[in-house]
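All remarks here apply to the structure that follows.
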Amino acid sequence: MKKIQIAALGLLLVAAFSCKQTKKEEKTEEAVATYSIVEDSTDVRFTAYKTTDKVPVGGTFQEVELTYNAGETPVETLNGLEFTIPVSSLFTNDPTKTRDPKIIEFFFEKMAETQSITGRFAFKDDKSCTVKLSMNGVSAELPMEYEITDDNHVNFSGVMDLKQWNALDALASLNEACKILHTGSDGVSKTWEDVAIEGSVLLEQK
């Protein structure tokens with residue numbers, strides 16, 4: 001009888017320890033903070049260039065849709081992030097309100113499947129990442145540098161070569177439509193194929 005009591009007591013202790021350990025592990029798991037992107041904090045900007053003097057023309061996209069999974073670190077959250085940018089949300093702050101419609105009609109609408117620009121982030125190390133960017137029916141990698149500030153802003157920068165997306169015909173179309181405006185003092189009309197890309201998001205920890 002005594003042996004049975006000792007055995008029963010042992011089983012109770014094991015069960016109690018197991019329950020405590022499980023609860024402790026569950027509590028630890030619940031306590032892990034995750035990072036997410038602050039809604040409406042996304043900013044996507046570009047700088048294109050015209051004339052042989054390479055005069056910059058800046059713009060932004062006012063709509064960006066994001067899909068991602070919250071992670072335990074900023075990089076874990078951003079790695080695999082997917083985005084969709086409707087080209088109709090283009091905005092260059094042109095007071096004449098003629099530039100944006102021209103860019104959409106003579107550039108984006110001359111390409112295939114480009115109602116939206118889509119992409120997916122992949123992070124390599126603590127300073128660089130790539131975006132698999134899809135435009136004009138072509139998916140190609142866009143190398144980017146990034147930095148994370150002390151207040152959890154993540155800033156991206158890179159240079160897009162339109163040739164990688166077979167977009168030079170669309171670029172020529174835009175240059176022809178804007179021929180006079182893209183003509184410099186040397187009498188040459190030019191629209192450059194490299195476009196500087198910048199973006200930023202704000203992360204919050206929960």
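Would a scan of the stretch 49-67 turn up a residue that is of a type in the set (Ser, Thr, Tyr), at pLDDT below 95 and within 21 Å of residue 145 (Cβ to Cβ)? Taking every residue of the stretch 49-67 in turn, none turns out to be of a type in the set (Ser, Thr, Tyr), at pLDDT below 95 and within 21 Å of residue 145 (Cβ to Cβ). Can you pull out the residues in the stretch 38-48 that are charged (D, E, K, R) and either at pLDDT 95 or above or within 17 Å of residue 95 (Cβ to Cβ) (or both)? Result: 43, 45.
Restricted to strands (runs of 3 or more DSSP E) entirely inside the stretch 114-165, those with at least 3 residues that are open to solvent by 40 Å² or more (accessible area, probe 1.4 Å) and without any contact (Cβ under 8 Å) to a residue 60 or more places away in the chain are 116-123, 138-148, 153-161.
For the stretch 39-57, a tally of residues being open to solvent by 40 Å² or more (accessible area, probe 1.4 Å) and outside any strand (DSSP E or B) returns 6. The C-beta contact set for the stretch 185-200 (first residue under 23 Å from residue 43 (Cβ atoms), second residue surrounded by 15 or more Cβ atoms within 10 Å (Cβ to Cβ) and of a type in the set (A, V, I, L, M, F, W, C), distance under 6 angstrom, 6+ apart or interchain) comprises 195/46; 195/48; 195/160; 197/46; 197/160; 199/44; 199/156.
The test for being of a type in the set (Asp, Glu), modelled with pLDDT under 95, out of contact with any Pro (no Cβ under 6 Å at 6 or more places or on another chain) and loosely packed, with under 15 Cβ neighbours inside 10 Å holds for residue 30. Of all the numbered requirements in (1) over 12 Å from residue 44 (Cα atoms); (2) out of contact with any Gly (no Cβ under 9 Å at 6 or more places or on another chain); (3) open to solvent by 80 Å² or more (accessible area, probe 1.4 Å), residue 69 misses one, and that requirement is (2).
Put simply, of 100, 126, 94 the only residue that is within 21 Å of the chain's Cα centre (by Cα) and among the acidic types (Asp, Glu) is 126.
Of everything listed in (1) open to solvent by 80 Å² or more (accessible area, probe 1.4 Å); (2) farther than 21 Å from residue 198 by Cα; (3) assigned to a loop (DSSP other than H, G, I, E, B), the single unmet condition for residue 176 is (3).
The values are calculated or read from the model by the stated rules, or taken from the named source; none is laboratory data. Quick caveat, the model's predicted, so the values are computed rather than measured. Neighbour counts run over all protein chains shown; Cβ positions are idealised from the backbone, glycine included. Each accessible area value is taken on the protein alone, full model and side chains, heavy atoms only, with ligands, DNA and RNA left out. Shrake-Rupley method; radii C 1.70, N 1.55, O 1.52, S 1.80 Å.
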